[in-house]
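For reference, the structure discussed in these notes is given below.
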Amino acid sequence: MAWRVDMTGLALFILCFISTFLGSAAIPLCTDSRAPLPPKTPLSFCSYNGSVCCDAKEDAALKKQFESMNVSDPACSSVVKSILCAKCDQFSGELFRINSQYTLPALCNGTVSKDSTQSTNATSDFCSNVWKKCQNVPIMNSPFATSLKGGPTVNASSTKLTDFWQSEKDFCVAFGGSSGDQQVCFAGSQVTLDSVVDSPPKGLCIEKIGNGSYLNMAAHPDGSNRVFLSNQAGKIWLATIPKAGSGETIQLDESNPFLDITDIVHFDSEFGLMGIAFHPDFVNNGRFFVSYNCDKSKSAGCSGRCACNSAVDCDPSKLVSENGAMPCQFGSVVAEYSAKTGQQSPSEAKSANPLEVRRTFTMGLPYTSHHGGQVLFGPADKYLYFMMGDGGSRGDPNNFAQNKKSLLGKIMRLDVDKIPSATEISQQGLWGNYSVPKDNPFSEDNELEPEIWALGFRNPWRCSFDSKRPPYFLCADVGQEQYEEVDLVTKGGNYGWRVYEGPYLYDPLPGSLGNTSASTIQAIPPLMGYNHSSINKNEGSASIIGGYYYRSNTDPCMYGRYLYADLYASALWASIENPSGSGKFNNTMIPFNCAADSPISCTYTSGNPLPTVGIIYSFGEDNSKDIYLLTNNGVYRVVPPSRCNYTCSKEVVTPSSGNSAPSPSSSSAKGQFGFVKKAIILICVFLLAVLIS
């Protein structure tokens, strides 16, 4: 029976590896990484409510699987059915630990972390209950077989738990799981989470540390206090961020940009250098990517197919000129550049080679607006994400955002490390030098654009991954005239435009083409947002600016909240997920003010309590996870709330300076987490040594 000991060790090692190195986030996701959705028809076998990970066909397949097991004992039959139906749970991706080869959900074993938000039924030892009810019950085609856990195949006639597992302990080591921070376990019924009392922050305190006007900020990949800043005209600078509370300003040499491509960038109100992204291995390879707009009438390099083409039933010759420009005169480009290193490492480079390494992507635009343009690398998968709007013109008249043969109104996901040959690019109909990740949702369908990761956007303006929980990928999407929204972007997700504008049905303009009915799609509603009627009543319009999850200890009362704002800087929101891990957010508009000792004095206008920060273009985040506002009149950094006389019970104020240090609860928790993680790693190493010895 030596293999039984090996199986126990193997199961422990797998659990160690997953919890320590892969991480997890109890966000509603299915096992294929897609978002759960309300079923079009109620499930008949698995009695799950709300959004689920099964449709009627999958529900019927689970019923067929259950019937093939021929479980005669009623008590055992009930728990086995519930376990099979866990595939339909909106948290099935976490229950089945997405990145592993689990065939069953993690069964609650009674160990519940104090940080867990899972409903108290997770405190029950459901795994023990399964063993007690089923240990001597024959189960045909058993999902509890040791072979499914990497162990040897036993006699084909084996059907009972006791045929496979020596004891309850062995069984629950293999199939048990705890409900802990960012994890859930299965307790025999649909997973529910507990809400907590939320006290919104009193306000957000900022300081002005620069006068420049920038559209993008990217933290230097070397982990230093340096950032890259770019403006819309086509310049990128390498800047040094001063220490918080030092009274100093951003240091950069305006006359010596890191890269200047103003000669090829078409710069206008909605055109320019739109995004920058540095390769995850930039410190070794010096690669970075720039997204910009070009003008065919002025640049020979502005070539490529138009997004309006026969494949999407669009004829450029039938489009009307807009703002004096012909259809497809302007294009969206993603180009790769390289740091100028010489004998230096990329981290020491002070400039980049002005000639592009290769053209990653080029596409002609049918109109003169709504082309997004942000680029960023996924922290977990290392792929390049490219945000593209619906192409412009009011109401998406060609319904590009819902057309899966079009890349307009989409978020794309590209592999820029695997460069195909020219022949492969032509055969696959790609738009440049990249490959399509095999797990993209439409990569296997030759009739659809394989680059698509998610669809149904009007103009995604600023997306970010949560640095603590990478599956949380949030994008703000600019509305038409009614609603501004923030979406939780998932694999293959459809976010509604032009069928919906936020949570509201949208009525296409007369003469619009390619109408899509709400009954034919499953649109994922926004997490948060606001109505135009509640903002900028005088101007009559608004545009959302997506931000970041706040993960700095500078303002401990803001930690874990998602910050976003309105373009006109008339409102700012701090939203928190409640219950934690549920995908449901409490949305709170908060005041903001400027510290009296700001390195650069802020300005105010009569009758307005808010500082005049100008038009907010974007948010930024540095390597310390401090958050910045990039506006048309300067750069502002979030600082300790006490500097604006905001109270925060978690902030420890130093009387001599008035500045704050990280709260004891935050810093001690971080230290304890580090100790626990090191201990887990040591245990995993020990177990691995035992397994391979």
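Quick notes
- Hits in region 486-500 - residues which are open to solvent by 10 Å² or more (accessible area, probe 1.4 Å), assigned to a strand (DSSP E or B) and within 23 Å of Leu376 (Cβ to Cβ): Leu488, Asn494
- Unmet criterion (only one of (1) outside any helix (DSSP H, G or I); (2) modelled with pLDDT of 95 or more; (3) surrounded by fewer than 21 Cβ atoms within 10 Å (Cβ to Cβ)) for Gln65: (1)
- For region 173-187, a residue qualifies if it is surrounded by fewer than 24 Cβ atoms within 10 Å (Cβ to Cβ), in a loop (DSSP other than H, G, I, E, B) and small (Gly, Ala, Ser), and exactly one does: Gly180.
- Taking the numbered list (1) over 30 Å from Leu572 (Cα atoms); (2) hydrophobic (A, V, I, L, M, F, W, C); (3) surrounded by 22 or more Cβ atoms within 10 Å (Cβ to Cβ) in turn, Val137 passes all entries but (3).
- Candidates Leu448, Leu474: the one that is in a loop (DSSP other than H, G, I, E, B) and either modelled with pLDDT of 95 or more or open to solvent by 10 Å² or more (accessible area, probe 1.4 Å) (or both) is Leu448.
- Just one of the listed residues (Tyr506, Tyr500) is within 23 Å of the chain's Cα centre (by Cα), modelled with pLDDT of 95 or more and over 19 Å from Phe473 (Cβ atoms), and it is Tyr500.
- Residue check for Gln166: more than 16 Å from Val79 (Cβ to Cβ), at pLDDT 85 or above, in a loop (DSSP other than H, G, I, E, B) and open to solvent by 60 Å² or more (accessible area, probe 1.4 Å): yes
- Taken as a whole, the structure places Thr341 among residues that are of a type in the set (Val, Ile, Thr), out of contact with any Asp or Glu (no Cβ under 6 Å at 6 or more places or on another chain) and either within 24 Å of Val227 (Cβ to Cβ) or touching a residue at least 24 places away in the same chain (Cβ under 8 Å) (or both).
- Taking region 104-121 as the range and being farther than 18 Å from Val173 by Cβ, modelled with pLDDT of 85 or more and either of a type in the set (Gly, Ala, Ser) or surrounded by fewer than 22 Cβ atoms within 10 Å (Cβ to Cβ) (or both) as the test, no residue passes.
- The residues on offer are Asp626, Asp597, and the sole one that is in contact (Cβ under 8 Å) with a residue 40 or more places away in the chain and under 30 Å from the mean Cα position of the chain (by Cα) is Asp626.
- For Ser44: the one exception among (1) of a type in the set (Gly, Ala, Ser); (2) out of contact with any helix residue (DSSP H, G or I) (no Cβ under 7 Å at 6 or more places or on another chain); (3) open to solvent by 70 Å² or more (accessible area, probe 1.4 Å): (2)
- For region 315-364, a tally of residues being aromatic (Phe, Trp, Tyr) and out of contact with any Ser or Thr (no Cβ under 8 Å at 6 or more places or on another chain) returns 1.
- Inside region 566-594, residues that are within 18 Å of the chain's Cα centre (by Cα) and either among the β-branched types (Val, Ile, Thr) or within 17 Å of Lys208 (Cα to Cα) (or both) make up a count of 1.
- So Cys46, is it modelled with pLDDT of 95 or more, in a loop (DSSP other than H, G, I, E, B) and in contact with an Asp or Glu (Cβ under 6 Å, 6 or more places away or on another chain): yes
- A single member of Ile425, Ile411, Ile419 is farther than 18 Å from Phe288 by Cβ, surrounded by fewer than 23 Cβ atoms within 10 Å (Cβ to Cβ) and of a type in the set (A, V, I, L, M, F, W, C), and it is Ile425.
- Residue in region 274-290 that is surrounded by fewer than 22 Cβ atoms within 10 Å (Cβ to Cβ), among the hydrophobic types (A, V, I, L, M, F, W, C) and in contact with a Ser or Thr (Cβ under 6 Å, 6 or more places away or on another chain) present: yes
- Of everything listed in (1) without any contact (Cβ under 8 Å) to a residue 60 or more places away in the chain; (2) touching a strand residue (DSSP E or B) at 6+ places or on another chain (Cβ under 9 Å); (3) more than 18 Å from Gly581 (Cα to Cα), the single unmet condition for Tyr506 is (1).
- Candidate set: region 390-404, residues that are open to solvent by less than 10 Å² (accessible area, probe 1.4 Å) and not in a loop (DSSP other than H, G, I, E, B); chosen: the one nearest to Thr490 (Cα to Cα): Ala401
- So Val79, is it outside any loop (DSSP other than H, G, I, E, B), open to solvent by less than 60 Å² (accessible area, probe 1.4 Å) and aliphatic (A, V, I, L, M): yes
- Failed condition for Arg462, given (1) basic (Lys, Arg); (2) part of a loop (DSSP other than H, G, I, E, B); (3) under 20 Å from the mean Cα position of the chain (by Cα): (2)
- Test result for Ser195, within 25 Å of the chain's Cα centre (by Cα), among the polar types (S, T, N, Q) and part of a loop (DSSP other than H, G, I, E, B): yes
- Scanning region 198-218 for residues that are under 23 Å from the mean Cα position of the chain (by Cα) and of a type outside the set (S, T, N, Q) turns up Leu215, Met217, Ala218.
- When we screen Ser517, Ser543 for residues that are among the small types (Gly, Ala, Ser) and over 27 Å from Cys53 (Cβ atoms), the only hit is Ser543.
The values are calculated or read from the model by the stated rules, or taken from the named source; none is laboratory data. Given the structure is predicted, the values throughout are model-derived calculations rather than measurements. Note that each Cβ is placed from the backbone with ideal geometry, even for glycine, and that neighbours are counted across all protein chains shown. SASA here: full protein model, heavy atoms, side chains in, ligands and nucleic acids out. Shrake-Rupley method; radii C 1.70, N 1.55, O 1.52, S 1.80 Å.
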